[in-house]
Amino acid sequence: MRDYDFVVIGSGIAGLSFALKVAKDGPVAVITKRKGADTNTAWAQGGIACVTSDEDSFELHVRDTLEAGAGLCDEAVVRTIVTEGPERIHELADLGLHFDEREVSGHRELDLGKEGGHSKRRVLHVQDVTGKEIEETLLRELGRQSQVELLENHMAVDLITAAKLGFATEDRCLGVYVLDEKTGDVETIRSDRIVLATGGCGKVYLYTTNPDIATGDGVAMAWRAGAEIANMEFIQFHPTCLFHPQAKSFLISEAVRGEGGILRNNRGEDFMKHYDARGSLAPRDIVARAIDAEIKRSGAKCVFLDITHKSPEFVRERFPHIYQTCLRFGIDMSKQAIPVVPAAHYQCGGIKTDVNGATTLPGLYAIGEVACTGLHGANRLASNSLLEGLVVAHRASASGVRTRSASKQKIPLPEWESGNVQDVDELVVIYHNWDEIRRLMWDYVGIVRTDKRLQRASARLRNLQREIREFYWNFKVSVDLLELRNLATVAALIVDSALSRQESRGLHYTIDYPEMKDRQFKHETVLSRG
Ligand code: SIN
């Protein structure tokens, strides 16, 4: 049995930032399903929203965040994250990350991008590969820390808690079972401070901008362990995912619209003008719904993002990654509009935490997309998430997470037991169920919802969960099976939360209750296994 002072599950901006901060305090394990860089962070194109210019202010950033959040943000949390941002950005720069700059009247200043819902230019970026640069910077630094062990190709199976072991004392997290994907063995890891930083759950939907690892593992594990989960109905659909039969999950950054890109329908019309005075750069929920309506109305398969009025040099220099990727699919974005559709992008709810990452289960922390701190409310303001990961990782590392539990050494942890038979049917059943979940979530729990569709999804998911449970207990666990089990759990949490919110707010839009009902629903949707 391995034993660490801190176990971090996930290797994106939140997990790595936390691991680096506590590395001087004791042994740390960073557990990650694939390679270290296989994270949502590495795919982030837009950048980090942070107040750095004299023309901007904390007050404006707070106001924009609250406005996007449609009445559900926790204002104190928003203020903390916004105001502590600049210090965390300096730390990233100290690690060697260089954000893009530009020449203004003979001096250099940060080149700030603009995205939907921001009243000022405030998005720090490195061309259109900000997340990749951040990931590489943090991984490089991690490699210099002798106290940190990066366990790649390891997948957390389940948290070990006092309650699960039958102890009547206060429940708490004691460790985690982890599958070593190379050997197929499940190891027991003891730690009384476990940080979930597993990112989001985009793969629960048929179309997503997320990488394959985004299967909602953290939320599903925390739910099974009894932690509270909040606001899962608020799934953000990014308006512009590349539409091409061979392109899988490729995002066209909102920064393209920030630099003047215009959305056009199949007749070439700038249709967003008819939906919102802010046009193509209206907040994401409005743009995604407008595209959905245009596509349904016209029967077209996609809409188009047009930035051909900018010079080809500008397009190639500002968006080299998007330009080259589109070119590989035969689209020269400096000469022709890019075909795009909305796709699942970000989970605004998650494991309920305070602004220091503490969940409702002692010993368990959650940081980044997996968590619901109260920053995003009913709709995340673009590029606020990398900022949240940095700030909350720092706060967690400086808070109660440093305190050891007295019970840690006393409770014996049982080894993992599972069936060791491999079912010949396993793969086909797993893939079938995986496809079924993703399609039913897309069709019944998408951008526009109704009670009838949600109920249909709920009934199907219960059946699938029963089947998966049976499978899970009888056969040897594999990554595919574990991911399927987590996807089904998270899908059911999204549907249950959506059914309980009988109003339309932010990202949750239902035809049955099209109005916002402040008196009944201006609160988080909290689910707990009890
Ligand atoms: C984008 O570049 O459009 C994504 C930024 C974000 O989701 O915050």
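The values are calculated or read from the model by the stated rules, or taken from the named source; none is laboratory data. All figures in this text were calculated on a predicted structure; none of them were measured in a lab. Reconstructed Cβ throughout: ideal geometry from the backbone, glycine too, with neighbour counts over all protein chains shown.
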Restricting the range 511-530 to residues that are under 26 Å from ASP292 (Cα atoms) and in contact with a helix residue (DSSP H, G or I) (Cβ under 8 Å, 6 or more places away or on another chain), the residue that is surrounded by the fewest Cβ atoms within 10 Å (Cβ to Cβ): ASP512
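Here is a check on your reading of the model: is ALA220 touching a residue at least 12 places away in the same chain (Cβ under 8 Å), more than 12 Å from the chain's Cα centre (by Cα) and outside any loop (DSSP other than H, G, I, E, B)?
Numbers: touching a residue at least 12 places away in the same chain (Cβ under 8 Å): yes; more than 12 Å from the chain's Cα centre (by Cα): yes; outside any loop (DSSP other than H, G, I, E, B): yes.
So ALA220 fits the description; yes.
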Candidate set from the range 33-63 (those that are among the polar types (S, T, N, Q) and part of a loop (DSSP other than H, G, I, E, B)); member that is farthest from the ligand (Cβ to nearest atom): SER57
Qualifying residues in the range 118-134 (those that are within 19 Å of the chain's Cα centre (by Cα) and within 11 Å of the ligand (Cβ to nearest atom)) - the one surrounded by the fewest Cβ atoms within 10 Å (Cβ to Cβ): VAL129
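Quick grid of which residues meet (1) closer than 23 Å to ALA491 by Cβ; (2) under 28 Å from the mean Cα position of the chain (by Cα); (3) of a type outside the set (D, E, K, R):
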position: MET232; (1), (2), (3): yes, yes, yes
position: PHE250; (1), (2), (3): no, yes, yes
position: SER253; (1), (2), (3): no, yes, yes
position: ARG257; (1), (2), (3): no, yes, no
position: GLY261; (1), (2), (3): no, yes, yes
position: GLU269; (1), (2), (3): no, no, no
position: ALA282; (1), (2), (3): no, yes, yes
position: ASP306; (1), (2), (3): no, yes, no
Test: GLU59 is surrounded by fewer than 24 Cβ atoms within 10 Å (Cβ to Cβ), farther than 23 Å from SER397 by Cβ and modelled with pLDDT of 95 or more: yes
First in the range 82-102 and farther than 19 Å from ALA382 by Cβ and in contact (Cβ under 8 Å) with a residue 40 or more places away in the chain, second anywhere and aliphatic (A, V, I, L, M) and outside any loop (DSSP other than H, G, I, E, B), Cβ under 6 Å, 6 or more apart: GLU84/VAL391
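Any chance you could count how many residues in the range 3-21 are in a helix (DSSP H, G or I) and either surrounded by fewer than 24 Cβ atoms within 10 Å (Cβ to Cβ) or among the small types (Gly, Ala, Ser) (or both)? Steps first, answer last, please.
If we filter the range 3-21 for residues that are in a helix (DSSP H, G or I), which is where we start, we get 13-21.
Still in the list and also either surrounded by fewer than 24 Cβ atoms within 10 Å (Cβ to Cβ) or among the small types (Gly, Ala, Ser) (or both): 14-15, 17, 19-21.
Adding up the residues that qualify gives 6.
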Residues (free of Cβ contacts under 8 Å to residues at least 40 places away in the same chain and over 20 Å from ASP74 (Cα atoms)) located in the range 503-530: TYR513, PRO514, GLU515
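Could you tell me which of the residues GLY106, GLY71, GLY26 is surrounded by fewer than 17 Cβ atoms within 10 Å (Cβ to Cβ), in contact (Cβ under 8 Å) with a residue 24 or more places away in the chain and over 22 Å from the mean Cα position of the chain (by Cα)? Quick ask: steps written out before the conclusion?
On the way: GLY106 fails: in contact (Cβ under 8 Å) with a residue 24 or more places away in the chain; GLY71 fails: over 22 Å from the mean Cα position of the chain (by Cα).
It is GLY26.
Okay, residues lined up against (1) small (Gly, Ala, Ser); (2) closer than 21 Å to GLY199 by Cβ:
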| position | (1), (2) |
| --- | --- |
| ILE48 | no, yes |
| VAL51 | no, no |
| PHE58 | no, no |
| HIS61 | no, no |
| THR83 | no, no |
| HIS98 | no, no |
| SER119 | yes, no |
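Within the range 64-163, considering only strands (runs of 3 or more DSSP E) that don't extend past its boundaries, which have at least 1 residues that are on the phi > 0 side of the Ramachandran plot and of a type in the set (A, V, I, L, M, F, W, C)?
Details: elements: 101-104, 107-110, 148-151, 154-161.
Where strands (runs of 3 or more DSSP E) fall fully within the range 64-163, none carries at least 1 residues being on the phi > 0 side of the Ramachandran plot and of a type in the set (A, V, I, L, M, F, W, C).
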Neighbours by Cβ (under 6 Å, 6+ apart or cross-chain): first from the range 382-393, at negative phi; second more than 10 Å from the ligand (Cβ to nearest atom) and of a type in the set (Asp, Glu): VAL391/GLU84
All positions within the range 239-289 that are among the hydroxyl-bearing types (Ser, Thr, Tyr), within 16 Å of the ligand (Cβ to nearest atom) and part of a loop (DSSP other than H, G, I, E, B): SER249, SER253
Count of the range 308-354 residues which are assigned to a loop (DSSP other than H, G, I, E, B) and surrounded by 23 or more Cβ atoms within 10 Å (Cβ to Cβ): 5
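Against the condition in a loop (DSSP other than H, G, I, E, B), out of contact with any Pro (no Cβ under 6 Å at 6 or more places or on another chain) and of a type in the set (Ser, Thr, Tyr), how does TYR513 come out, does it pass?
On the way: in a loop (DSSP other than H, G, I, E, B): yes; out of contact with any Pro (no Cβ under 6 Å at 6 or more places or on another chain): yes; of a type in the set (Ser, Thr, Tyr): yes.
Judged against the criteria, TYR513 is a match.
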Qualifying residue in the range 191-212 (condition: over 21 Å from ASP443 (Cβ atoms), in a loop (DSSP other than H, G, I, E, B) and within 16 Å of the ligand (Cβ to nearest atom)): yes
Positions within the range 344-377 being small (Gly, Ala, Ser) and either more than 16 Å from the ligand (Cβ to nearest atom) or within 13 Å of the chain's Cα centre (by Cα) (or both), in sequence order: ALA344, GLY349, GLY350, GLY357, ALA358, GLY363, ALA366, GLY368, ALA371, GLY374
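A quick yes/no check of all residues on (1) surrounded by 13 or more Cβ atoms within 10 Å (Cβ to Cβ); (2) modelled with pLDDT under 95; (3) touching a helix residue (DSSP H, G or I) at 6+ places or on another chain (Cβ under 9 Å); (4) not charged (D, E, K, R):
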{"site": "GLY419", "(1), (2), (3), (4)": "yes, yes, yes, yes"}
{"site": "ARG449", "(1), (2), (3), (4)": "yes, no, yes, no"}
{"site": "TRP473", "(1), (2), (3), (4)": "no, yes, no, yes"}
{"site": "TYR509", "(1), (2), (3), (4)": "yes, no, yes, yes"}
